[in-house]
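A short write-up of the structure that comes next.
The values are calculated or read from the model by the stated rules, or taken from the named source; none is laboratory data. Please read all numbers here as calculations on a predicted model, not as lab measurements. Ideal geometry is used to build each Cβ from the backbone, glycine not excepted, and the neighbour counts take in all protein chains shown. Remember, those area values only see protein heavy atoms, side chains included, never the ligands or the DNA or RNA. Shrake-Rupley method; radii C 1.70, N 1.55, O 1.52, S 1.80 Å.
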Amino acid sequence: AEHDVDIILLDLSLPDSQDLATIAILRDRAPAVPLVVTADLDDETLAAQIVRAGAQEYLVKGRIGRDGMIRVIRYAIERRRADEALHAVKAYTENLINSSLDMIMTVDTDYRIILFNPAAEQALGYRQVDVVGQSVDIIFPHQTECIYIHRQLETTGAFIGEAMNKRKDGSVFPAYLSASPLRDSCGRIVGFMSISRDISEQKRSEAERERLY
């Protein structure tokens, strides 16, 4: 209660232990701290209950030596630090996506929308809650162009160029689009991410310069 700790090592065999109730108290007071539980019983049912209650490891006393205990403790601490680092990266990424002025979308391998950031909501007129699970085709006015972008992603691994976008009200506008695959830890493609921006004003300026010169 008074100090930050890296890990909790709990012996359920101690006389003041209340078995699963003790684990529940610890999880309530220190939910993010790794918990390693030891006991005298080699009981698979008890072990399963302990893990479900929130322990990272269940060790039978007498079955693991000093070196083994050190490895378990080190692994639990390192896993916690890795989880914290991953959480920090995720929070930073979410903030970056949500605060971006560019339209950012992610889709699965069937091109169903997973993420639709605020800039995309504002530019296209849809709310994320309305488009998640729908085909990304709804934002492209020309199916041939949409099919071409899909084919480029699947054959070359990327698409960079201009594409027409369609708003919810049916109006269209030109956008500059960059899209690439999203991969899992094994390198398998699990979806695609696109970053795009409205270039209507740029196109109008270019047309005006051509008209004048």
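Quick notes on this one:
- Looking across L101, L41, one residue alone is assigned to a loop (DSSP other than H, G, I, E, B) and in contact (Cβ under 8 Å) with a residue 60 or more places away in the chain. It is L101.
- If the condition is being closer than 20 Å to I97 by Cα and under 22 Å from the mean Cα position of the chain (by Cα), then the range 135-157 contributes only V136.
- Matching option when the condition is open to solvent by 30 Å² or more (accessible area, probe 1.4 Å) and farther than 22 Å from R204 by Cα, among S178, S135: S135
- Conditions (1) modelled with pLDDT under 85; (2) acidic (D, E); (3) more than 14 Å from L12 (Cβ to Cβ); number of the one not met by E78: (1)
- Selection status of R29, closer than 19 Å to L182 by Cα and open to solvent by 50 Å² or more (accessible area, probe 1.4 Å): no
- Of the numbered criteria (1) free of Cβ contacts under 8 Å to residues at least 60 places away in the same chain; (2) among the polar types (S, T, N, Q); (3) surrounded by 11 or more Cβ atoms within 10 Å (Cβ to Cβ), the one T109 fails is (1).
Listed here are the residues, each with its yes/no results for (1) in a helix (DSSP H, G or I); (2) β-branched (V, I, T); (3) open to solvent by less than 40 Å² (accessible area, probe 1.4 Å).
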position: E94; (1), (2), (3): yes, no, no
position: I97; (1), (2), (3): yes, yes, yes
position: M105; (1), (2), (3): no, no, yes
position: L115; (1), (2), (3): no, no, no
position: A123; (1), (2), (3): yes, no, yes
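- Filter result (hydroxyl-bearing (S, T, Y) and under 22 Å from the mean Cα position of the chain (by Cα)) within the range 173-213: S178, S180, S185, S194, S196
- Just one of the listed residues (I195, I160) is closer than 22 Å to D102 by Cα, open to solvent by 100 Å² or more (accessible area, probe 1.4 Å) and outside any helix (DSSP H, G or I), and it is I160.
- For the residues D110, D137, D130, the requirement of being out of contact with any Asp or Glu (no Cβ under 6 Å at 6 or more places or on another chain), farther than 30 Å from A47 by Cα and in a loop (DSSP other than H, G, I, E, B) singles out D110.
- Figure legend. Inter-residue proximity from the range 54-78: first residues over 20 Å from D43 (Cβ atoms), second residues open to solvent by 60 Å² or more (accessible area, probe 1.4 Å), beta-carbon distance below 7 Å, spacing 6+ or different chains. Indicated pairs: A76/Q56; I77/D6.
- Pick from the range 47-77, criterion more than 18 Å from I7 (Cβ to Cβ) and touching a helix residue (DSSP H, G or I) at 6+ places or on another chain (Cβ under 9 Å), ranking: surrounded by the most Cβ atoms within 10 Å (Cβ to Cβ): Q49
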